[in-house]
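Read the structure below first, then the notes.
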Amino acid sequence: MRISDALVEKLLRSANIASDEQINNLKAQEKAENRPMQDLVVKNKLIDETQLTKLYAEEIDTPFIEIKPHQIKLEILKLLPARIAQQYKVVLFDIAESGSKQLAMEDPDDIQAINFLRKTLGQDIKVYLATSANIMACLELYRGNIGNELTKVITVEEPDQEKEEPVKEEYLAEDSPIAKSVNLLIEYAISSQASDIHIEPRENFVIVRYRVDGILREANKLPKNASAALVSRIKILSNLKIDERRVPQDGRFKIEVAGQLYALRVSTLPIVDGEKVAIRILNESATASTLEGLGFWDGALETINNAIVQPHGMILVTGPTGSGKSTTLFSVLSILNKPGINISTIEDPVEYRVQGTNQTQVNSAAGMTFANGLRALLRQDPNIIMIGEIRDTETANLAVQAALTGHLVLSTLHTNNAATSLPRLLDMGIEPFLIASTVRAVVGQRLIRKLCTNCREQYQPDEAMQIDLKQNFHVDDPSTMQRINQLEQRAIQAKLGGNNATTQPGSSEKGIISLYKPHEGGCSNCNQSGYKGRLGIYEVLGNTPEIQKLIVSNSTSEDLQNQAIKENMIPMQLDGLIKALRGLTSIEEVLRVTSET
């Protein structure tokens with residue numbers, strides 16, 4: 001769908017979305033960047049693609065539709081051949097009782113396409129307008145099972161398993177079976193919303209696993225003789241040395257799938273049975289989520305919003321590897337990213353690209369460490385500095401000095417919760433009075449899997465679950481239960497979880513009424529897992545006068561935690577319980593990720 005600049009301007013004005021000044025700024029930006037206004041209004045967050053498509057649908061008098069791919073019946077979808085669907089960006093998603101075929105198109109003004117579709121499907125068709133991303137997601141349904149697809153393309157001859165043979169050149173060509181296999185593995189991982197791909201050689205086969213929602217799942221087993229060619233093909237894409245198999249290597253490359261640009265970070269590692277490859281998938285086309293979208297609400301949201309508007313100081317995000325710290329910082333940077341602000345980062349590696357910021361990657365071999373990079377950044381006249389991680393005393397000292405000299409510093413630490421990060425800085429040799437005067441807020445976080453809204457099941461806690469709730473959340477204490485109920489009422493008022501949350505409260509002042517669990521065996525929407533997507537659970541410790549006194553007096557993390565809770569900080573585990581009561585996750589998932597905190 002391509003909308004003319006004049007029509008985009010008309011739609012924005014008629015919907016009162018953009019002022020004259022904003023329109024003029026868009027026109028100037030259009031000339032400077034040589035990009036259509038349609039792309040710029042989405043990039044500048046004046047409107048999202050769905051809203052713009054709805055306005056366009058009203059203008060051209062075509063009904064708008066948002067299709068859920070898992071609800072399309074494959075026998076109906078495949079009445080329209082995949083080749084035609086791909087060519088015209090059209091999806092046959094339903095057939096009405098009258099026999100009318102329901103089509104979703106990216107460009108319903110394409111008269112040539114409409115005439116061809118009538119010849120193919122019959123005259124009785126009804127055309128809807130859908131977003132490009134929605135159409136592309138539906139077109140992915142034409143793909144079959146990954147195992148069947150790979151079987152079609154992998155036709156490697158069986159060599160002698162006892163000896164290692166050199167990789168034949170024809171295996172590495174762009175149109176070779178191995179190249180197609182690598183493309184399939186990546187495309188299926190992206191369509192499965194995987195964050196990582198693991199290609200692991202074993203004694204007699206190669207196993208491919210995807211990490212989806214933080215959990216590794218086996219995707220396929222490939223013949224052992226395909227291992228060397230697969231690894232070599234990935235090395236070619238990543239610009240790595242094909243003939244070097246004795247040492248680890250790191251690289252990256254980009255790929256476009258369904259109109260989205262992805263950066264793939266590649267790591268190879270020699271193991272006993274060959275070379276293991278791990279690929280991290282990063283969506284460079286993705287826009288930053290709002291803090292509310294990540295799962296912040298109530299006092300946690302207020303505390304972090306107050307901290308990020310301070311002209312100087314330090315904001316720390318803490319949690320284990322894979323807890324979503326970089327995503328939180330990415331969202332904060334996107335909020336702060338304005339033309340009058342100079343944002344500089346030093347990261348290892350650069351995971352998210354933020355347009356308009358100056359991002360630097362650590363390179364230890366060249367002497368570019370966090371400490372050296374931070375020194376250089378301070379000479380670049382920054383307003384805001386983001387340090388990927390505070391790992392040592394030198395970096396910690398430089399970060400504190402930067403916060404003292406008028407910079408807002410964002411960084412991460414590896415600690416179990418928010419309170420333990422402050423004693424951690426003490427261990428690094430930072431003076432207590434400096435910590436008290438520079439730290440504005442500390443965010444402790446974990447990622448939990450969200451229940452599939454299509455198949456989750458409501459239930460009343462049985463005796464065993466009641467015992468777990470008493471042990472972990474002290475629901476047998478009337479004052480605690482009263483607070484839990486009050487927090488849930490506030491969560492309902494704040495619309496925590498949006499449309500994904502349940503409409504009924506799960507608690508009363510007397511106890512837990514109902515909870516939710518994954519449906520056994522899941523459904524097609526969640527790939528039979530019962531969970532789909534992830535959500536953060538948080539605790540945000542604000543640096544109040546009482547907390548500052550405790551820091552200066554070298555108090556323990558337990559004292560800091562207790563004082564923060566007295567000041568109405570919601571601990572991570574309790575935040576998880578409220579989200580479980582709202583039907584967003586299960587109690588088992590909350591306990592799984594918070595059992596060590």
Residue within the range 419-441 that is within 30 Å of residue 517 (Cα to Cα), modelled with pLDDT of 90 or more and not hydrophobic (A, V, I, L, M, F, W, C) present: no
Search result, residues across the range 59-76 that are farther than 18 Å from residue 114 by Cα and either assigned to a helix (DSSP H, G or I) or open to solvent by 40 Å² or more (accessible area, probe 1.4 Å) (or both): 59, 66, 68, 69, 70, 71, 73, 74, 75, 76
Hey, residue 560 touching a Gly at 6+ places or on another chain (Cβ under 9 Å), touching a residue at least 12 places away in the same chain (Cβ under 8 Å) and buried (at least 21 other Cβ atoms within 10 Å of the Cβ) or not: no
Verdict on residue 307 being closer than 30 Å to residue 493 by Cβ and open to solvent by less than 30 Å² (accessible area, probe 1.4 Å): yes
Matching residues, the range 220-248, being in a helix (DSSP H, G or I), open to solvent by 40 Å² or more (accessible area, probe 1.4 Å) and charged (D, E, K, R): 224
Residue count, the range 97-147 (criterion: assigned to a loop (DSSP other than H, G, I, E, B), of a type outside the set (Lys, Arg) and within 30 Å of residue 287 (Cβ to Cβ)): 7
Residues satisfying the stated conditions in the range 80-109, i.e. over 23 Å from residue 257 (Cα atoms) and touching a helix residue (DSSP H, G or I) at 6+ places or on another chain (Cβ under 7 Å): 94, 95, 101
Any chance residue 338 is at pLDDT below 90, touching a Gly at 6+ places or on another chain (Cβ under 9 Å) and among the charged types (D, E, K, R): yes
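Scan the range 1-46 for residues that are touching a residue at least 60 places away in the same chain (Cβ under 8 Å) and not in a helix (DSSP H, G or I) and report the count.
3
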Residue tally, condition outside any helix (DSSP H, G or I), over 19 Å from residue 295 (Cβ atoms) and under 29 Å from the mean Cα position of the chain (by Cα), over the range 519-553: 10
Selection from the range 426-448 of residues that are of a type in the set (A, V, I, L, M, F, W, C), closer than 18 Å to residue 556 by Cβ and in contact with a Leu (Cβ under 8 Å, 6 or more places away or on another chain): 435, 439, 442
Checklist (1) in a strand (DSSP E or B); (2) open to solvent by 30 Å² or more (accessible area, probe 1.4 Å); (3) of a type in the set (Val, Ile, Thr) applied to residue 277, failing item: (2)
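When you go through 355, 380, 401 one by one, which is the residue that is open to solvent by 70 Å² or more (accessible area, probe 1.4 Å) and at pLDDT below 90?
355
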Residue 333 being modelled with pLDDT of 95 or more, of a type in the set (A, V, I, L, M, F, W, C) and either in contact with a Pro (Cβ under 7 Å, 6 or more places away or on another chain) or not in a strand (DSSP E or B) (or both): no
Index of the failed condition, residue 398 passing every other in (1) free of Cβ contacts under 8 Å to residues at least 40 places away in the same chain; (2) within 24 Å of residue 538 (Cβ to Cβ): (2)
In the range 371-403, the residues that are within 16 Å of residue 415 (Cβ to Cβ) and part of a strand (DSSP E or B): 387
Hits in the range 310-330 - residues which are outside any strand (DSSP E or B), open to solvent by less than 60 Å² (accessible area, probe 1.4 Å) and not polar (S, T, N, Q): 319, 320, 322, 324, 325, 329, 330
Top-ranked residue of the range 88-101 - restricted to ones that are of a type outside the set (Gly, Ala, Ser) and closer than 14 Å to residue 118 by Cβ, ranked as surrounded by the most Cβ atoms within 10 Å (Cβ to Cβ): 90
The range 418-437 residues that are more than 16 Å from residue 560 (Cα to Cα) and free of Cβ contacts under 8 Å to residues at least 40 places away in the same chain, paired with ones that are open to solvent by less than 10 Å² (accessible area, probe 1.4 Å) and not aromatic (Phe, Trp, Tyr) (beta carbon under 6 Å, 6 or more apart): 428/396; 430/396; 430/400; 434/400
Subset of the range 481-518 (residues that are hydrophobic (A, V, I, L, M, F, W, C), touching a helix residue (DSSP H, G or I) at 6+ places or on another chain (Cβ under 9 Å), assigned to a helix (DSSP H, G or I) and open to solvent by 30 Å² or more (accessible area, probe 1.4 Å)): none
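Can you tell me which of 278, 219, 226, 263 is within 23 Å of residue 450 (Cα to Cα) and small (Gly, Ala, Ser)?
Residue meeting the stated conditions: 219.
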The one condition in (1) outside any strand (DSSP E or B); (2) in contact with a strand residue (DSSP E or B) (Cβ under 8 Å, 6 or more places away or on another chain) that residue 437 fails to fulfil: (2)
Test for residue 462: is it without any contact (Cβ under 8 Å) to a residue 24 or more places away in the chain and touching a Lys or Arg at 6+ places or on another chain (Cβ under 7 Å): no
Residue among 235, 221, 241 that alone is over 17 Å from the mean Cα position of the chain (by Cα), more than 19 Å from residue 265 (Cα to Cα) and among the charged types (D, E, K, R): 221
Some residue of the range 249-268 being outside any strand (DSSP E or B), open to solvent by 50 Å² or more (accessible area, probe 1.4 Å), over 30 Å from residue 88 (Cα atoms) and without any contact (Cβ under 8 Å) to a residue 24 or more places away in the chain: no
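Could you tell me which of the residues 360, 321 is touching a Gly at 6+ places or on another chain (Cβ under 6 Å), among the β-branched types (Val, Ile, Thr) and at pLDDT below 95? Walk me through it before giving the result.
Working: 321 fails: touching a Gly at 6+ places or on another chain (Cβ under 6 Å).
Just a single option satisfies the conditions, and that option is 360.
The values are calculated or read from the model by the stated rules, or taken from the named source; none is laboratory data. Quick caveat: nothing in here was measured; it's all calculated off a predicted structure. Here the Cβ is made from the backbone with ideal geometry for all residues, glycine too, and neighbour counts use every protein chain on show. In case anyone asks, the SASA skips ligands and DNA or RNA and just uses the protein heavy atoms, side chains included. Shrake-Rupley method; radii C 1.70, N 1.55, O 1.52, S 1.80 Å.
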